[in-house]
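S.K.: Handing you this structure, nothing more for now.
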Amino acid sequence: MEPKESISASIVVKDELSKVVLMPGDPLRAKALADKYLTDVVCFNDTRNMLGFTGTYKGKRISVMGHGMGVPSIGIYTHELFTQFGVEAIIRIGSAGGLDMDVDANDVVIAEAASTNSNYGNAYGIPTQFAACADFDMLETAVEAARKNGVKFKVGKVYTSDFFYYPQAGLNEKLRDFGHLCVEMETAGLYWEAAANRKKALSILSISDHLFKEQALTAEQRQNGFTNMMEIALETAWKYAE
């Protein structure tokens, strides 16, 4: 099926995408990953500067593309990748603010599930609070890669917020006390889209700052760093690539 007018109609040829796509929020992080880890790289999308690349990693084709900020943004891009471009698995690689006191800046969090205050899921018409969960096989693969690489990581639930600056006090303490490892803005949307389209999804996060500790990375460190997260994601994606 030919792609509709969409995120990338001016450039994308369906065959230029891998079956698995890594997705950071920042398109410049997508470029940095492609430059550092992939060979024979082609740019398949630059519409709205939401850069997307496909290249080879250990003999298999893997794509990487930005998804922007927030559930509505990642919802658009992942929906189109799943439904119009033949993508079977998406791994979010993004930053998050630490909540759990055993998590530190630069640690990796692998999100098994995502609580959220977003109304995005209401559109699916399920009369309940849908549990937005990762694909277990992908999660298990990522855990194996993290252990093999000797990376400090935690697996658990995260919180996806529609607000970067939440207007009411006390929320972060409640989220921490209910066992959330970190807060970010996209994972629940990715997991909803994957569930709705019978696809695989996983969110692997690097802690960029901590809400209860004096820890924070610079913007440049966020863009160019997060090596552990990227390498775990690449090893996980490799299993599902062709």
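S.K.: Does segment 184-235 hold any residues that are among the basic types (Lys, Arg) and closer than 16 Å to Phe136 by Cα, and which are they?
M.R.: Filtering segment 184-235 down to residues among the basic types (Lys, Arg) leaves 198-200, 213, 222.
If the condition is that a residue be among the basic types (Lys, Arg) and closer than 16 Å to Phe136 by Cα, then Arg198, Lys199, Lys200 are the ones that fit.
S.K.: Among the residues of segment 216-230, write down those that are open to solvent by less than 50 Å² (accessible area, probe 1.4 Å) and at pLDDT below 90. If you could, list the steps in order and put the result at the bottom.
M.R.: Narrowing segment 216-230 to residues open to solvent by less than 50 Å² (accessible area, probe 1.4 Å): 217, 225-227, 229-230.
Of everything in segment 216-230, those that are open to solvent by less than 50 Å² (accessible area, probe 1.4 Å) and at pLDDT below 90 turn out to be Leu217, Gly225, Phe226.
S.K.: Also, I was wondering about something else. Only strands (runs of 3 or more DSSP E) wholly contained in segment 149-242 count here; list those with 1 or more residues that are among the basic types (Lys, Arg), touching a residue at least 12 places away in the same chain (Cβ under 8 Å) and touching a helix residue (DSSP H, G or I) at 6+ places or on another chain (Cβ under 6 Å).
M.R.: Details: elements: 153-160, 182-184, 200-210.
Per the criteria, 200-210.
S.K.: Taking only pairs six or more apart or across chains, which ones have beta-carbon atoms under 6 Å, a first residue in segment 40-60 that is over 14 Å from Leu17 (Cβ atoms), and a second residue that is open to solvent by 20 Å² or more (accessible area, probe 1.4 Å) and in a strand (DSSP E or B)?
M.R.: Short answer, once both residue conditions are applied: Asp40/Thr56.
S.K.: Check Ser161 against each of (1) open to solvent by 20 Å² or more (accessible area, probe 1.4 Å); (2) over 29 Å from Lys239 (Cβ atoms); (3) among the small types (Gly, Ala, Ser) and name the one condition it does not meet.
M.R.: Result: Ser161 fails condition (1) only.
S.K.: Can we say Val41 is in contact with a Phe, Trp or Tyr (Cβ under 6 Å, 6 or more places away or on another chain) and within 30 Å of Ser118 (Cα to Cα)? Quick ask: steps written out before the conclusion?
M.R.: Numbers: in contact with a Phe, Trp or Tyr (Cβ under 6 Å, 6 or more places away or on another chain): yes; within 30 Å of Ser118 (Cα to Cα): no.
So Val41 fails the test.
The values are calculated or read from the model by the stated rules, or taken from the named source; none is laboratory data. Since the model is a prediction, treat every value here as computed from it, not as a measurement. Neighbour counts are summed over all protein chains in view; Cβ atoms, including those assigned to glycine, are modelled from backbone coordinates with ideal geometry. Just the protein is used for accessible areas: all its heavy atoms, side chains included, with ligands, DNA and RNA removed. Shrake-Rupley method; radii C 1.70, N 1.55, O 1.52, S 1.80 Å.
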